[in-house]
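Below is one structure, written out as structure tokens; comments come after it.
Please treat every number below as a calculation from the coordinates, not as lab data. Everything quoted here is computed from the prediction, not taken from an experiment. Don't worry about glycine lacking a Cβ; one is built from the backbone with ideal geometry, like all the others, and counts go over all protein chains shown.
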Ligand SMILES: [Fe+2]
Ligand SMILES: [Fe+2]
């Protein structure tokens with residue numbers, strides 16, 4: 001019997017909406033879980049994904065992707081890539097697997113919620129594939145990390161991270177729970193599939209994959225590419241929904257969801273990918289600076305897409321452009337100084353040649369962040385290693401959960417944006433973080449950052465490491481054993497000899 005072409009049966013087969021008789025439509029699809037804005041069902045049923053895929057074709061393609069990623073890994077298993085990698089690349093891998101594996105795994109349930117509560121059959125179909133994709137992403141991450149476990153116990157964090165209250169993990173979880181897990185299916189799709197996956201995953205998976213290939217880490221590079229190839233499909237869930245929101249007079253609500261999500265993702269990617277690209281990746285292997293990637297992959301492409309769809313840039317665009325110049329540099333300082341609190345082994349990435357690159361890519365770096373590094377260098381060179389690790393805990397932002405930072409040195413501009421709500425004072429890094437809180441205070445008010453937990457006596461100051469589930473053997477140590485400052489000894493000797 002001849003098989004029908006998929007286009008002859010696809011639309012009929014995925015049309016799985018019916019009128020429930022035993023329960024009400026509202027009981028089956030409560031608006032809090034399905035669509036708080038209550039778009040008309042007739043409109044939602046017009047959801048038509050531009051890229052249609054059948055289960056049979058899906059499995060075939062995914063299988064090929066898996067075979068590709070796993071066979072590169074197997075072929076390179078004895079390559080000693082990890083042993084020979086620079087300390088920065090090791091730090092990047094350690095941080096990546098601890099920080100990203102659980103996000104992939106959590107995304108399985110984010111898509112599953114869309115599959116259950118989405119009211120459009122096409123959306124449910126795409127979200128089902130999305131869940132399967134994220135399962136694959138989580139598995140490939142855990143498998144690759146498991147292979148590295150024999151080389152460093154830091155890779156245990158691929159498994160362990162989600163069950164800890166490490167400050168980095170709290171920050172990530174707070175962000176992505178907000179976007180992916182605690183809203184109705186349509187809002188979650190706009191925030192996750194449109195703002196997060198369309199805008200940011202390119203940066204993590206294409207830009208980082210290019211750096212990985214340059215470093216000779218072909219198995220990591222192939223793994224990242226294989227993951228990214230699924231993202232284009234995920235983005236398709238957001239776009240038709242966004243169009244429906246605009247068409248049905250809900251543009252302002254859609255814009256707010258995008259503005260919140262975009263900023264929250266920006267903070268995460270800046271702290272994690274920004275530091276990896278501008279400090280951890282070996283200098284001669286960098287494809288471009290984080291700022292250049294942001295400009296190309298996010299600012300240009302995402303804005304074009306937003307405008308194409310009839311949406312506006314987020315209202316804080318000018319602040320974002322300023323933040324791109326500074327936020328990850330400030331976070332890098334914090335990450336380096338608070339290294340015992342991280343599961344990976346951070347490096348400075350600021351030897352003289354690296355500083356020259358930073359100054360070229362971010363003019364003014366030496367007069368600001370460079371000044372703090374000067375003090376760190378002085379302390380290390382004088383053997384005062386203790387002085388390079390702060391004795392007190394840092395202030396954390398009550399929205400992004402990372403260190404509340406500003407610009408140091410000659411352009412000092414640290415400001416704590418506070419807000420009093422129901423008898424509690426909240427601290428924010430920026431007006432945008434504060435604005436997000438103000439949109440729905442009751443959503444965020446109950447959360448306690450690590451510092452709040454100490455301030456409220458829930459965690460004793462000397463019990464912080466234990467609270468973060470960090471055994472002493474897991475405390476982050478300096479990735480180069482301070483070898484990077486040697487270059488400054490040479491520079492100083494030359495300067496003395498030449499009298500310059
Ligand atoms: Fe994923
Ligand atoms: Fe995804």
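Miscellaneous remarks
- Shape box of the stretch 131-234 [Cα atoms, principal axes, largest first, Å]: 42, 31, 23
- Computed over the chain, relative contact order equals 17 percent, with contacts defined as Cα pairs under 8 Å that lie 6+ residues apart.
- Per-residue Cβ neighbour rank within 10 angstrom, fewest leading, 466, 354: 466, 354
- Rounded tilt (10° steps) of 167-176 against the dominant C-alpha axis of the chain: 20 degrees
- Estimated 222 nm signal from helices in the chain, with DSSP H stretches of n ≥ 4 weighted -39500 (n - 2.57), rounded to 500: -16500 deg cm²/dmol
- Remark: the stretch 368-476 projects, on average over all directions, an area of 8.6 nm² (convex hull of Cα atoms).
- Angstrom value of the Kirkwood radius, inverse mean 1/r, which spans all Cα pairs in the stretch 1-135: 18.5 Å
- Angle in degrees between helix 251-269 and the longest Cα principal axis of the chain, rounded to the nearest 10: 30 degrees
- Shown for 64, 42: other C-beta atoms within 10 Å of each C-beta, ranked fewest to most, produce the order 42, 64.
- Of the peptides 476-484, 122-130, 47-55, the order by per-residue mean of other Cβ atoms within 10 Å, starting with the highest, comes out as 122-130, 476-484, 47-55.
- Coordinate range of the alpha-carbon atoms in the chain per principal axis, descending: 85, 59, 42 Å.
- Against the main long axis of the alpha-carbon atoms of the chain, helix 317-337 sits at an angle near 50°.
- For the stretch 282-337, Kirkwood radius (reciprocal of mean inverse C-alpha pair distance, Å): 13.1 Å
- Going by neighbour counts of Cβ atoms within 10 Å, the residues 172, 442, 359 line up, fewest first, as 442, 359, 172.
- The separation of the stretch 366-407 from the stretch 43-88, counted between C-alpha centres, amounts to 39 Å.
- Mean separation of Cα contacts under 8 Å (6+ apart) over length of the stretch 117-236, as relative contact order %: 25 percent
- The stretch 230-302 pair-distance distribution - Cα-Cα, 10 Å bins, rounded %: 16, 36, 30, 13, 4, 0
- Of interest is the spacing of the C-alpha centroids, which for the stretch 285-341 and the stretch 198-246 amounts to 16 Å.
- When the Cα atoms of the stretch 58-180 are aligned to their principal axes, the ranges along those axes come out at 51, 38, 18 Å in descending order.
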